Amino acid sequence: MKLGNRELALPLIQGGMGVGVSMGGLAGAVAAEGAMGTLSTADAGWNEPDFAAHPQQANLRALRREVQRAKRLAAGAGLVAVNAMVATRQYADSVRTALEAGADAIVSGAGLPLELPALAEGFEALLAPIVSGPRAAQLICRTWAKRYGRVPDFVVLEGCQAGGHLGFEEADLLSGRCTPLSRLIPEVLAALRPFEEKFGRAIPLFCAGGVATGAEMARCTRLGAAGAQLATRFIATEECDAGQGYKDVLLAARPEDLRIIHSPVGMPGRAVNSPLVQRLAAGMRQPPAHCSGCIKSCRPAETPFCITHALIEAVKGNWEEGLFFSGSRVDLVDRMRTVPDLIDELMKEWRALA
């Protein structure tokens, strides 16, 4: 598959999962199989010895090291991407650090990445926004075309069944009124088409959020998507960088155990109903004891909990204090696998039905 100036053997992206869940180990293993493995910039340095005192420096140092580690593990196969959240204070520095370290692609969401091409100037990496519908896709393409004379190399369409932060209204998520991927895919493809015609090249679309099997991938590609992005199922792999405690939480969880929470990032999110989530639902606050200044919009004195602390505790497997993000298809996280085994299963199912 042609993506800009790169080739991708498999129509599969492993979604970025922040604060130590998808780092160099997982991303490199996925890329080694011919797919796109993705690290996350979100508090990449959480486990560095100086993180508490110097979080910004620790994050960039760890990010550089982990991108290089993923590239070594990939050994020239697949692509290594970095997911960068627009909402973070270190967004620009993280993008530049990832590119300098050799990332093949930057995938950017949690806000509109309108300035991403400027941040990536001088590098040949692929650039891709994460969108939740046609309006965002059209706005990003129009802005990039006007300001920078280019369009995305590919687009990730993330539906309402994804884990982590979601680009949908909380009321719609809770009431089940969100537009399904089956409708969003043709709508976003239609929004991209004028820009494909103007620039004379395809803008491949990868669908995510509730896509967890090869059969579901095939349904997306039959609607015109180039492939799919999966994240949650990759957590229960031997190569995933999260601790076994996080993996065990997801292995035990069922769809009815998931809740929609309101994150300090300013977006709703989907997570396992842990004791922390239950306390927040009861109106209890857990203000941060220490603030690393990770999110632009966060006001530590007002936020009900510190998302950095909660995600760090989750990656360490702390059930009482952790926030365990998960996609809606957590029922398919049913046993530990290796990355090659999972990708082989997905591709066999997809090829049989595509």
Tell me, how many Å apart are the Cα centres for the range 194-217 and for the range 157-180?
-> 19 Å
All lysines inside 20 Å of residue 316 as judged from Cα atoms, apart from same-chain residues fewer than 8 positions distant | 247
List the residues whose amide H sits under 5 Å from the amide H of residue 305, counting only those 5 or more places along or on another chain, with H placed 1.01 Å from N in the peptide plane.
-> 286
Karplus-derived 3J(HN,Hα) from phi for the range 126-141 (6.51 cos²θ - 1.76 cosθ + 1.60, θ = phi - 60°), whole Hz, x at Gly and Pro, runs 6, 10, 9, x, 9, 10, 10, x, x, 5, 5, 4, 5, 4, 5, 4
Could you sort 99-112, 322-335, 161-174 so that the peptide with the highest average Cβ count within 10 Å comes first and the rest follow in order?
-> 99-112, 322-335, 161-174
Listed by chain and number, the lysines with an alpha carbon less than 16 angstrom from that of residue 71, same-chain partners under 8 positions apart left out, are none
Roughly what % antiparallel, to the nearest 5, for the DSSP beta bridges in the chain?
-> 30 percent
Kindly write out, for the range 185-199 in residue order, the coupling ³J(HN,Hα) from the Karplus curve 6.51 cos²θ - 1.76 cosθ + 1.60 (θ = phi - 60°), rounded to whole Hz, with x marking Gly and Pro.
-> 4, x, 5, 6, 4, 5, 5, 7, 4, x, 6, 5, 5, 5, 9
May I ask you to list the lysines whose Cα is less than 28 Å away from that of residue 198, ignoring any residue fewer than eight positions away on the same chain?
-> 2, 146
Which order, highest average first, do 14-22, 64-72 follow once you tally other Cβ atoms within 10 Å for each residue and take the mean per peptide?
-> 14-22, 64-72
Read phi for every residue in the range 56-61 and hand back ³J(HN,Hα) as whole Hz from Karplus 6.51 cos²θ - 1.76 cosθ + 1.60, θ = phi - 60°, with x for Gly and Pro.
-> 5, 5, 4, 4, 5, 4
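Readers should treat all values here as calculations from the given coordinates under stated rules, not as data from a laboratory. The model shown is predicted, which means the values in this text are computed figures rather than measured ones. Every residue, glycine among them, receives a Cβ derived from its backbone with ideal geometry; neighbour counts consider all protein chains shown.
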